[in-house]
1. Which value, in nm² and rounded to one decimal, describes the direction-averaged projected area of the C-alpha convex hull of segment 37-83?
2. Please report the net charge: other residues with Cβ closer than 15 Å to the Cβ of PHE324, K and R +1, D and E -1.
3. Taking +1 at the Cβ of each Lys and Arg and -1 at the Cβ of each Asp and Glu, which of LEU342, ALA274, PHE324 sits farthest along the dipole of segment 272-350 towards its positive end, judged by Cα position relative to the Cα centre?
4. Between their Cα atoms, which of LYS117/LYS148; LYS266/LYS296; LYS235/LYS281; LYS118/LYS281; LYS148/LYS235; LYS118/LYS309 are more than 19 Å away from each other?
5. Can you list residues from other chains, or at least 5 along the same chain, whose modelled amide H is less than 5 Å from the amide H of GLY95?
Amino acid sequence: MIDHPENSAEYKGLTVNAGVQNLPSVNPYATFRRKKTVLTPEEYFEGIRRGDMTILSQAVTLVESNLLADQAIAQKVIELCLPYAGNSIRVGITGVPGAGKSTFIEALGSELCDQGKKLAVLAIDPSSERSKGSILGDKTRMNELSVKSNAFIRPSPSAGSLGGVARKTRETIVLCEAAGFDTILLETVGVGQSETAAHSMVDYFLLLQVTGTGDELQGIKRGIMEMADGIAINKCDGNNIERAHAARVSFKNALALFPPPESGWKPEAICCSAIDHTGVKEVWENIEQYIDFTRKNGYFDAHRTEQAKYWMYETINQALLDGFYKNEQMEHRIEVAERQVLNNEVSSFIAAHNLLAAYGHNQQKQ
């Protein structure tokens with residue numbers, strides 16, 4: 001080993017270590033991941049039923065996957081889980097941007113976990129129209145709730161699907177119910193014209209609103225108000241308490257103008273603060289009262305039956321779309337038709353009619 005010249009006597013007070021020669025090219029302390037174990041549908045089912053959160057997460061990933069191999073396994077797992085589904089209270093939560101949906105869900109979820117309930121939170125993050133990516137940060141924002149042993153938080157990308165709800169969310173609900181979760185909170189992207197997708201898979205639809213943004217009713221579409229089974233005015237704290245109670249009166253008066261819902265339930269407007277944890281318990285009590293009311297008058301079961309029929313047709317529609325756009329014989333025809341429309345050779349309607357006719361002819365030949 002060659003000594004450094006700086007270690008000679010003329011350089012007083014300076015010492016340079018010799019160092020280590022012939023370092024290994026591979027870090028001896030590195031750990032290598034083992035190849036992922038492929039489970040059978042029966043093994044996924046057994047893991048879900050015994051409450052294994054890792055296997056449940058893997059099953060949800062399969063459901064969300066667009067790979068045909070994954071979809072085949074996922075559908076078998078869902079079929080096995082179906083007899084054990086349907087035993088939960090499903091609550092959809094939507095609201096204007098900045099209403100504090102994630103903070104409210106954490107406060108409500110913590111309250112439910114403290115009551116001994118087993119809670120699943122399905123948080124839908126908006127996907128970028130450009131990159132198709134999502135931040136999926138809800139689990140990061142819900143620090144208090146994410147550490148509770150009886151809570152399962154699953155952020156999913158909306159992937160541009162209708163109503164800001166991930167296309168596979170309904171199947172995920174089935175898996176969570178089979179895993180023993182008795183309460184499911186579904187957080188949507190936000191208020192939009194297609195929130196009926198969220199409404200069609202929950203028992204109670206909660207509209208979260210906030211004050212201090214001008215006209216409290218401005219920007220809230222009538223359709224959303226009519227779908228809401230309850231309204232929670234969040235951020236009723238600090239200097240905002242008086243405004244929140246004034247907003248409550250405005251919403252209560254607005255709800256009274258709408259036709260009575262099919263459930264026969266009269267929606268309430270409740271003030272709450274997710275930060276101070278005030279009014280959150282009252283919101284949940286209102287949800288329980290609604291569930292009890294609709295179970296007694298038969299609407300609860302009738303509504304779930306209608307939801308099942310709705311999603312049957314939605315699945316058919318999606319399958320038809322996939323079959324059309326993923327058909328190899330149609331890809332070239334679609335490109336040609338697109339050029340014809342751009343060159344004003346044919347109208348959009350004629351091009352669409354011709355494509356559908358060609359697709360139908362191909363299907364008949366098969």
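Readers should treat all values here as calculations from the given coordinates under stated rules, not as data from a laboratory. Quantities reported herein were computed from a predicted structural model and do not represent experimental measurements. FYI the Cβ positions are ideal-geometry reconstructions off the backbone, even for glycines, and counts take in every protein chain you see.
1. Computed as one quarter of the Cα hull surface, the answer is 3.0 nm².
2. -3
3. Farthest towards the positive end: PHE324.
4. LYS148/LYS235; LYS118/LYS309
5. For GLY95, whose amide H was placed from the backbone, the distant partners under 5 Å are GLY190, VAL191, LEU208.
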